[in-house]
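Participant: Next up is a structure, given as C-alpha cells.
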Amino acid sequence: MFVFDKPIEEFSSWANETGCLIDKARKEGLKLAWDRLASQTPQCNFCEMGLSCAKCVMGPCRIIPGLDRDKGVCGADADLTVARNFGRFVAGGSAAHSDHGRDLVEVLREIGSGHATAYQIRDEGKLKRLAEEFGLSVNGDIKKVAKDVAERLGQDYSTFGPGLAFLGRLPKVRRELWDKLSITPRGIDREPVEMLHRTHMGVDCDPVSLALHAARTSLSDGWGGSMAGTEISDVIFGTPAPGKTKVNLGVLKADMVNILVHGHSPVVSEMILAAAADPAILAEAKKAGANGINIAGLCCTGNELLMRRGVPLAGNHMMTELTIVTGVVEAIVADYQCIMPSLVNIAQCYHTKFVTTSDKGHFPGAERFHFNPQNARELAGQVVLLAVEAFKKRDPNKIFIPVEPVEIMSGFSNEAILGALGGTPDPLIEAIKAGTVRGAVGIVGCNNPKLKQDHHHVTLAKELIKKDILVLVTGCATSAMGKAGLLMPEGAAMAGEKLAGLCQTLGIPPVLHVGSCVDNSRIIHLCAVLANALGVDISALPVAASAPEWYSEKAAAIGLYAVATGITTHLGLPPMILGSPALTNLAVSGLNDVVGACFIVEGDPVKAGAILDDLISSKRQGLGLSA
Ligand code: MSK
C-alpha cells in the first residue's frame, strides 16, 4: 500500500539539517535507516496486511483469503490471524510503557525506604494529592507517604490489588461502559500477559473478543502504567512548568563536551545532568580543552528533561543516527525504547561512546554501566568522565553542525495549564463554549522513515490551529513542531483569529508541549477533568488525537487507549490489520457504536486536518455549541 520510492535521494535534497547530514553520511559511506528501508523494499505484503503467522512451528503460515490457503495449519482464518497479531502488537507497546512506569514506582519506594539518597521528592504537594486520591494518609514523614503511594501503585501491577488507582479519575458513564464491555483493566501486568496467553494457539479464537481484550490491554497502559510513569516522575523530578529552551542539532556545541541522553526514562538522565554540573568533573572537561559540558536530549528521555529542566532537545527518532554524524557527540547515554541498534555501529565510526544504562537494554558493542537507584549518581559521574575522555579524540575534520538552534516554550503539565487559568477547568470550558478554542487535538509520537520526516506533524498542526483548534504535542512530534516555530507564542500568527487572540493574551503558543510519550496520560486525564466538569462522557468532547508519523507498538497502544477512552484517533499510516475486512471495519467505524470513538486512517495531513475539523464541529454541535 505504501510504496517507498528512492527516499534517500528525495530526503538528502532537503534544505535542512536532515538533508545536509544524510549527504555527509553518504559521503562517509554510512548506512542510515532510510538506506536500510530501501534495501528492505518491497516489504512483505502478508506481514503488512497482518496475514502472516509465526507463532508456532506448524507454521509459519501466510493466509490468502479466497484461495485454498485461506487458513493457517491450525485453522486460523484471516480475521483471527490479524486479531492475534494486532493483540500482541498492542501488548508489546503496553508492556513497554508500563514497565517504564514500574521503574519510577520502584525508585519512589526506594526513596521512601531511605535507600536512594541521590533522589528526592521534588513535588511533595503532588505526592500528597496522589495519596489523598488513593485514600492514604498524608500525615507524618513524607518518606512514609512516598512508600505508601509506591506500594499502592505496586498493587496495580499485581493480580490481587483493589483495582487501578487512577480509574477514579474517569467519568462514571465511561467506567460503566467499560464494565459492560468487560474491558475495565484489572492489572497493569495482567492484561498484556493475558493477551500473550489468549493469542497462543488454541485459546481465544474470536477476533472480536481479542480486539476487546486489546482495548483492555491498552487501557492498562494509559490509565495504569503510563499514568503511573507520568505522575511519579513529576513527584520525584518536579511537575513541569512553562519555560523556554532550544531545539534542533544547533543545540550541540563545537567547543563543549556534548552528551546526548536517549530513550525514555528520566531516572538515569537526571543523574547525568547532575553529574555534568559537578565542579570536579567540569574541571576535568576544562583540562581536556572543552568550554564545559553540554547535555542535550533525544526522543522521549529528551522530552522528560526538556519539560522539567529546560534541557535543549537535539532531535527526534529519525535524527538519532544523524546526531553522531555531526562529529561533536562525545557520548550517547541510552536507557530503553526507540534506540536503534545501528547507533552502536555509527558511533564506532566516530569518537562517540555509546553507553547503555538499563539492565533491560543490552546493545552488543556498547559501554555498559549497571545503574540502580543506589549507585546512579556515582555511575553518572563515571559516564560523564568517559565523555570527557572521548572529547580528546574528536576529529576536527568531521565536525559539521548545520543549523542554528530554534527557541521553544515547553512545560505545559495539566497543573501548569489549569494553574494559569486560576486552578479550575472553567475558563478553558468557557473558551470552548465561546469558540475561542473550538476543540483540541493531541498530536503524538514518532517519525517513520516511510514518510517525509516531520512534514505530516507540522502540516496537520498548521491545518488545525488555523481553524482555532488547540494542539497538544508529545514525544517525537515535539521537535518537529519546535523547528517549525509552533512552540513559541509568536507561532500564534499561524493560528485562526480567535485562538491567536487567546495565545497573545496568555502569552502561550498555539501548540502546547505536554511531555514524552508516557505523558499522553496527561492528555486523557485532562479530557476526564473537562468531561467531569461538563457532566458528560469523554466521547462527547470536541477533542481528537493523531499519530501522523507513528511507527512503534507503543503508538498503537496509545491510539487504542485513546479510542477506548472515547477519543477518535487519526493515524497517518494504517496498522497491520488490513488483511481482515472485519477488523478494519471495526477499527474505522464499528468502534463508534461500541466505545463512541474510532480510528481514522489518512495519509494526507491536509485531508486529515479537514476530517478532524469536521469531527470537532459535530462534537460541538452535539454539546449544543456553534460548529
Ligand atoms: S520516543 S515511541 S519514536 S514518540 Fe517516545 Fe519518539 Fe515514538 Fe519512540
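The values are calculated or read from the model by the stated rules, or taken from the named source; none is laboratory data. Only a predicted model underlies this, so the values are computations on that prediction, with no experimental measurement involved. Positions of Cβ are generated from backbone atoms using ideal geometry, with glycine treated the same way; all protein chains shown enter the neighbour counts. Surface accessibility is based on the protein's heavy atoms, side chains included, excluding ligands, DNA and RNA. Shrake-Rupley method; radii C 1.70, N 1.55, O 1.52, S 1.80 Å.
Participant: LYS462 passes all but one of (1) open to solvent by less than 20 Å² (accessible area, probe 1.4 Å); (2) part of a helix (DSSP H, G or I); which number fails?
Facilitator: (1)
Participant: Moving on to the next point. Take ALA545 and decide whether it is within 16 Å of the ligand (Cβ to nearest atom) and under 25 Å from GLY622 (Cβ atoms).
Facilitator: Numbers: within 16 Å of the ligand (Cβ to nearest atom): yes; under 25 Å from GLY622 (Cβ atoms): yes.
Taking the combined requirement at face value, the residue satisfies it.
Participant: Let me spell it out: the conditions are (1) touching a residue at least 24 places away in the same chain (Cβ under 8 Å); (2) assigned to a helix (DSSP H, G or I); (3) not β-branched (Val, Ile, Thr), and ALA76 meets all of them except one. Which number is the exception?
Facilitator: Only one criterion is unmet by ALA76, namely (2).
Participant: Considering (1) more than 16 Å from VAL441 (Cβ to Cβ); (2) in a helix (DSSP H, G or I); (3) among the hydroxyl-bearing types (Ser, Thr, Tyr), say which one TYR551 fails and leave the rest.
Facilitator: Unmet for TYR551, out of (1) more than 16 Å from VAL441 (Cβ to Cβ); (2) in a helix (DSSP H, G or I); (3) among the hydroxyl-bearing types (Ser, Thr, Tyr): (2).
Participant: Sticking with this structure for a sec: Which condition does ILE558 not pass, out of (1) within 21 Å of ALA431 (Cβ to Cβ); (2) in contact with a His (Cβ under 9 Å, 6 or more places away or on another chain); (3) open to solvent by 10 Å² or more (accessible area, probe 1.4 Å), if it passes all the others?
Facilitator: (1)
Participant: Additional query: Restricting to the stretch 337-351, what's the tally of residues that are in a loop (DSSP other than H, G, I, E, B) and closer than 22 Å to ARG36 by Cα?
Facilitator: Going through the stretch 337-351, the residues in a loop (DSSP other than H, G, I, E, B) turn out to be 337-341, 349-351.
Subsequent filtering for residues that are closer than 22 Å to ARG36 by Cα retains 337-341, 349-350.
Total meeting the criteria: 7.
Participant: Based on what the data block shows, is ILE401 open to solvent by 30 Å² or more (accessible area, probe 1.4 Å) and of a type in the set (Val, Ile, Thr)? Step through it out loud before you land on a result.
Facilitator: Values: open to solvent by 30 Å² or more (accessible area, probe 1.4 Å): yes; of a type in the set (Val, Ile, Thr): yes.
Yes.
Participant: Can we say ILE567 is buried (at least 22 other Cβ atoms within 10 Å of the Cβ), closer than 27 Å to VAL594 by Cβ and over 13 Å from the mean Cα position of the chain (by Cα)? Walk me through how you get there before you give the answer.
Facilitator: Numbers: buried (at least 22 other Cβ atoms within 10 Å of the Cβ): yes; closer than 27 Å to VAL594 by Cβ: yes; over 13 Å from the mean Cα position of the chain (by Cα): yes.
The answer is yes for ILE567.
Participant: Oh, and also: Residues that are within 25 Å of ASP278 (Cα to Cα), within 16 Å of the ligand (Cβ to nearest atom) and touching a helix residue (DSSP H, G or I) at 6+ places or on another chain (Cβ under 6 Å): does the stretch 382-405 have at least one?
Facilitator: Going residue by residue through the stretch 382-405, those that are within 25 Å of ASP278 (Cα to Cα) are 382-394.
Narrowing the set further to residues that are within 16 Å of the ligand (Cβ to nearest atom) leaves none.
Scanning the stretch 382-405 turns up no residue that is within 25 Å of ASP278 (Cα to Cα), within 16 Å of the ligand (Cβ to nearest atom) and touching a helix residue (DSSP H, G or I) at 6+ places or on another chain (Cβ under 6 Å).
Participant: Among the residues of the stretch 514-538 satisfying the criterion of being away from the ligand (no atom under 14 Å from the Cβ), open to solvent by 20 Å² or more (accessible area, probe 1.4 Å) and not in a loop (DSSP other than H, G, I, E, B), which is nearest to PRO605 (Cα to Cα)?
Facilitator: HIS525
Participant: Please tell me if ALA380 is in contact (Cβ under 8 Å) with a residue 24 or more places away in the chain and either buried (at least 19 other Cβ atoms within 10 Å of the Cβ) or touching a strand residue (DSSP E or B) at 6+ places or on another chain (Cβ under 9 Å) (or both). Spell out the reasoning first.
Facilitator: Values: in contact (Cβ under 8 Å) with a residue 24 or more places away in the chain: yes; either buried (at least 19 other Cβ atoms within 10 Å of the Cβ) or touching a strand residue (DSSP E or B) at 6+ places or on another chain (Cβ under 9 Å) (or both): yes.
When the stated conditions are applied, ALA380 passes them.
Participant: Would you kindly identify the helices (runs of 4 or more DSSP H) lying entirely within the stretch 255-336 that contain at least 3 residues that are open to solvent by 10 Å² or more (accessible area, probe 1.4 Å) and more than 16 Å from the ligand (Cβ to nearest atom)? Walk me through it before giving the result.
Facilitator: Working: elements: 266-276, 279-287, 299-309, 320-325.
So the answer is 266-276, 279-287.
Participant: State all residues of the stretch 468-480 that are surrounded by 24 or more Cβ atoms within 10 Å (Cβ to Cβ) and either over 21 Å from LEU571 (Cβ atoms) or without any contact (Cβ under 8 Å) to a residue 40 or more places away in the chain (or both); if no residue qualifies, say none.
Facilitator: Matches in the stretch 468-480: none.
Participant: Starting from the stretch 22-47, take each residue that is farther than 29 Å from CYS61 by Cα and list its partners that are among the hydroxyl-bearing types (Ser, Thr, Tyr), counting only C-beta distances under 8 angstrom and pairs at least six apart or across chains.
Facilitator: Going by the 8 Å Cβ cut-off, the qualifying pairs are ILE22/SER12; ASP23/SER12; ARG26/SER12; LYS31/SER342; LEU32/SER342.
Participant: Do we have any residue at all in the stretch 344-355 that's within 16 Å of the ligand (Cβ to nearest atom) and touching a residue at least 12 places away in the same chain (Cβ under 8 Å)?
Facilitator: Taking the stretch 344-355 as the starting set, the residues that turn out to be within 16 Å of the ligand (Cβ to nearest atom) are none.
For the stretch 344-355, residues within 16 Å of the ligand (Cβ to nearest atom) and touching a residue at least 12 places away in the same chain (Cβ under 8 Å): absent.
Participant: Right, another one. Would you mention how many residues in the stretch 586-603 are open to solvent by 40 Å² or more (accessible area, probe 1.4 Å) and more than 18 Å from TRP178 (Cβ to Cβ)?
Facilitator: Counting residues in the stretch 586-603 that are open to solvent by 40 Å² or more (accessible area, probe 1.4 Å) and more than 18 Å from TRP178 (Cβ to Cβ) gives 4.
Participant: Also, quick follow-up: Provide a single number: the residues in the stretch 361-392 that are of a type outside the set (A, V, I, L, M), farther than 18 Å from GLU270 by Cβ and not in a strand (DSSP E or B). So that I can check it myself, show each step before the final result.
Facilitator: Going through the stretch 361-392, the residues of a type outside the set (A, V, I, L, M) turn out to be 361-365, 367-375, 377-378, 381-382, 389, 391-392.
Of the ones still in play, those that are also farther than 18 Å from GLU270 by Cβ are 362-365, 367-368, 389, 391-392.
Then keep just the ones that are not in a strand (DSSP E or B); that gives 362-365, 389, 391-392.
Here the count works out to 7.
Participant: Residues ALA587, ALA582: which one is in a helix (DSSP H, G or I), within 24 Å of the chain's Cα centre (by Cα) and closer than 19 Å to LEU80 by Cβ?
Facilitator: Values: ALA582 fails: within 24 Å of the chain's Cα centre (by Cα).
Among ALA587, ALA582, only ALA587 is in a helix (DSSP H, G or I), within 24 Å of the chain's Cα centre (by Cα) and closer than 19 Å to LEU80 by Cβ.
Participant: A further question on this structure: Scan the stretch 149-169 residue by residue and report those that are surrounded by fewer than 17 Cβ atoms within 10 Å (Cβ to Cβ) and without any contact (Cβ under 8 Å) to a residue 24 or more places away in the chain.
Facilitator: PHE160, PRO162, GLY163
Participant: Related question: In the stretch 186-237, what count of residues is obtained for those that are surrounded by fewer than 24 Cβ atoms within 10 Å (Cβ to Cβ) and under 12 Å from TYR157 (Cα atoms)?
Facilitator: Number satisfying all stated conditions: 5.
Participant: What residue, of GLY112, GLY72, is out of contact with any Lys or Arg (no Cβ under 6 Å at 6 or more places or on another chain), among the small types (Gly, Ala, Ser) and surrounded by 14 or more Cβ atoms within 10 Å (Cβ to Cβ)? Explain how you work it out, then say what you get.
Facilitator: Details: GLY112 fails: out of contact with any Lys or Arg (no Cβ under 6 Å at 6 or more places or on another chain).
The conditions single out GLY72.
Participant: Restricting to the stretch 454-495, what's the tally of residues that are within 16 Å of the ligand (Cβ to nearest atom), within 22 Å of ALA531 (Cα to Cα) and of a type in the set (A, V, I, L, M)?
Facilitator: Summing the residues that are within 16 Å of the ligand (Cβ to nearest atom), within 22 Å of ALA531 (Cα to Cα) and of a type in the set (A, V, I, L, M) in the stretch 454-495 gives 3.
Participant: Quick one: is ILE567 more than 16 Å from the ligand (Cβ to nearest atom), touching a strand residue (DSSP E or B) at 6+ places or on another chain (Cβ under 6 Å) and either among the hydroxyl-bearing types (Ser, Thr, Tyr) or not in a strand (DSSP E or B) (or both)?
Facilitator: It is true that ILE567 is more than 16 Å from the ligand (Cβ to nearest atom), touching a strand residue (DSSP E or B) at 6+ places or on another chain (Cβ under 6 Å) and either among the hydroxyl-bearing types (Ser, Thr, Tyr) or not in a strand (DSSP E or B) (or both).
Participant: Next up: Looking only at residues in the stretch 436-453 that are away from the ligand (no atom under 12 Å from the Cβ) and in a loop (DSSP other than H, G, I, E, B), which one is surrounded by the fewest Cβ atoms within 10 Å (Cβ to Cβ)?
Facilitator: Only one residue fits best here, namely LYS452.
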